[in-house]
Amino acid sequence: MLKVLSDDDVESLISTDELLRSVAEAFKELSLGRVLMPQRSRIEVAPKGDILLMPCLAPSLNVFSLKIVSVYPGNIKKGLPTTNAVVVIVDPENGVPSIVAEARALTGLRTAAATALSIKYLARRDASRLGIIGCGYQARWQLIISNQVMRPERISVYDLLSERAERFAEEMSAKIGVKVTPLASAEELVKSCDVIITATTSRAPVVLKDWVRQGTHISAIGSYTPEMAELDPRLVASAKVVVDFLSAAKEEAGDLIQAVRASLMGWENVHAEIGEVIAGLKPGRVDRDEVTVFKTVGTAAQDAAVASILLSKVS
Ligand SMILES: NC(=O)c1ccc[n+]([C@@H]2O[C@H](COP(=O)([O-])OP(=O)(O)OC[C@H]3O[C@@H](n4cnc5c(N)ncnc54)[C@H](O)[C@@H]3O)[C@@H](O)[C@H]2O)c1
C-alpha cells in the first residue's frame, strides 16, 4: 500500500551513518556508470523560479525515485521556503509506487551528505574552523551534518541579511550545542575558516580568491544554472576541483562554466567526480596546502540514496 511521509517522518527515519553510507554508494555507482539517471529537466517559470524533474534508477540500491523540486528565490519575502520538493519512490522489483514523501528534508540531508563526503576526502584532517555563507534552509542541514563529521572547534556564519545570520546562529547554537558566531562579512569568514560552505542563491561570487588561505576546502552547493555563481572564477581555476557529476556540471555549475567561458580553465582541469575519489580511482587531498573546491549541483542519485533507506524502513 502507498505510504505518505512528511518531512518530519523522513528526518526521524534516517540516521547520519546510513545517510553517508548510502549517498557515498550512490556517488560511486554514478561515477562507475551503474545508475540510470537522465539529465534533469529544468522548467523555467520566469521570472519567478525553476521547477526541476529528477529521476534515477539505482540498481545496487534497489530503488527508483523521481523528485520534483522547485527553487523560487523570491519566496523568502513571502515567508515561503525557497526550495520545495516531493519524491515518488518506486520499488523496481515490481514497479509499484511504494512511497510519496515530502522531500525538503530529503534534499537538505542528501545535499549535506555530499558536503560531508567532500570534507572527508578533501579537507585537511586537522581542519577545525567551519564557516557557512548563506543562512537559509540548506545551511541548517549543512551545519548539522558537517558538525557531526568534522567536530569543528569554531563555527562562523554569514548572510547578506544580517538578521538572518543572527537568528540562524542563535537557533543552531541551541540545536547542536556548539556556539555558532555570526560574522559581519564574507571576507572575515573566508579569511578565518579551514572549511567553507556556500549555500546561497547568489548570482555573483561571494568568495574571492584573494581571501582564501592555503589548505582551505570549499563546498559550493548554491548555484545550479550557468548564470549563478558563488565562487570567484579565478579561485575555481586555481583550485583542485571535484564535482558531483561532470556532465551535469558542464550544463549547470555556473561557478565552473563561468571560469571556462572566461578561458581561465578547461573542463579537463576538473580533477574528479567525488564518486571516483570514493571508489579510490582518483586521489582526494594529497597536499596540506592545496585549495580544494567541491562543486555540487545536486544529483537524482543522491535522492535515490535516501529513497532506498526510506524504502527499507517503511515497506
Ligand atoms: N547543490 C544541491 O544539491 C542543492 C540542493 C538544494 C538547494 N540548492 C541550492 O542552494 C541554494 C540555497 O537554497 P536554500 O533552500 O537554502 O535557500 P534559502 O533562500 O533558504 O537560503 C539562501 C540564503 O542565502 C542568502 N544569500 C543570498 N545571496 C547571498 C550573498 N550574496 N551573500 C550571502 N548570503 C546570501 C539569503 O539571504 C538566504 O538566507 C539555492 O540556490 C538552491 O537551489 C542546491
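The values are calculated or read from the model by the stated rules, or taken from the named source; none is laboratory data. Computed from a prediction, not measured in an experiment: that's the story for all the values here. Using ideal geometry, Cβ is built from the backbone for each residue, glycine included, and neighbour counts are taken over all protein chains shown. For the accessible areas, the whole protein counts, side chains as well, though only heavy atoms, and no ligand, DNA or RNA atoms are used. Shrake-Rupley method; radii C 1.70, N 1.55, O 1.52, S 1.80 Å.
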Exactly one of (1) part of a helix (DSSP H, G or I); (2) touching an Asp or Glu at 6+ places or on another chain (Cβ under 8 Å); (3) within 16 Å of the ligand (Cβ to nearest atom) is unmet by residue 60. Its number?
-> (3)
Quick check, is residue 219 within 19 Å of residue 273 (Cα to Cα) and part of a loop (DSSP other than H, G, I, E, B)?
-> no
Note down all Cβ pairs under 7 Å where the first residue falls in the stretch 185-197 and is closer than 9 Å to residue 211 by Cβ, the second is assigned to a helix (DSSP H, G or I) and modelled with pLDDT of 95 or more, and they're at least six residues apart or on different chains.
-> 187/211; 190/211; 191/211
Restricting attention to the stretch 256-315, the residues that are within 16 Å of the ligand (Cβ to nearest atom) and open to solvent by 30 Å² or more (accessible area, probe 1.4 Å) number exactly 1
Being buried (at least 24 other Cβ atoms within 10 Å of the Cβ) and within 14 Å of residue 129 (Cα to Cα) is the filter; apply it to the stretch 191-218 and report the residue that is nearest to the ligand (Cβ to nearest atom).
-> 197
Given the conditions (1) loosely packed, with under 15 Cβ neighbours inside 10 Å; (2) of a type in the set (A, V, I, L, M); (3) in contact with a Pro (Cβ under 6 Å, 6 or more places away or on another chain), every one holds for residue 184 apart from (3)
Looking at (1) under 21 Å from residue 313 (Cβ atoms); (2) open to solvent by 40 Å² or more (accessible area, probe 1.4 Å); (3) more than 9 Å from the ligand (Cβ to nearest atom), find the lone condition where residue 77 falls short.
-> (1)
Looking only at the stretch 1-51, which residues are closer than 16 Å to residue 64 by Cβ and not in a helix (DSSP H, G or I)?
-> 2, 3, 34, 35, 36, 37, 38, 40
Where in the stretch 90-180 are there helices (runs of 4 or more DSSP H), lying fully within it, with 2 or more residues that are closer than 17 Å to residue 69 by Cβ and open to solvent by 60 Å² or more (accessible area, probe 1.4 Å)?
-> 137-150
Close pairs (7 angstrom Cβ cut-off, 6 or more residues apart or separate chains): free of Cβ contacts under 8 Å to residues at least 24 places away in the same chain in the stretch 198-211, within 6 Å of the ligand (Cβ to nearest atom) anywhere | none
Within the stretch 63-89, restricting attention to residues that are small (Gly, Ala, Ser) and assigned to a strand (DSSP E or B), which residue is nearest to residue 24 (Cα to Cα)?
-> 65
Looking at this structure, is residue 114 small (Gly, Ala, Ser), away from the ligand (no atom under 16 Å from the Cβ), on the phi < 0 side of the Ramachandran plot and under 19 Å from the mean Cα position of the chain (by Cα)?
-> no
Say whether the condition of being aliphatic (A, V, I, L, M) and in contact with a Cys (Cβ under 9 Å, 6 or more places away or on another chain) is met by at least one residue in the stretch 176-198.
-> no
Filter the stretch 124-164 down to the residues that are within 8 Å of the ligand (Cβ to nearest atom) and among the aliphatic types (A, V, I, L, M), then identify the one that is farthest from residue 286 (Cα to Cα).
-> 161
Subset of the stretch 33-55 [charged (D, E, K, R) and either touching a Leu at 6+ places or on another chain (Cβ under 7 Å) or surrounded by 11 or more Cβ atoms within 10 Å (Cβ to Cβ) (or both)] | 34, 40, 42, 48, 50
For the stretch 281-315 the number of residues that are part of a helix (DSSP H, G or I) and among the hydrophobic types (A, V, I, L, M, F, W, C) is 10
Residue count for the stretch 56-74, restricted to those that are buried (at least 20 other Cβ atoms within 10 Å of the Cβ) and hydroxyl-bearing (Ser, Thr, Tyr) = 1
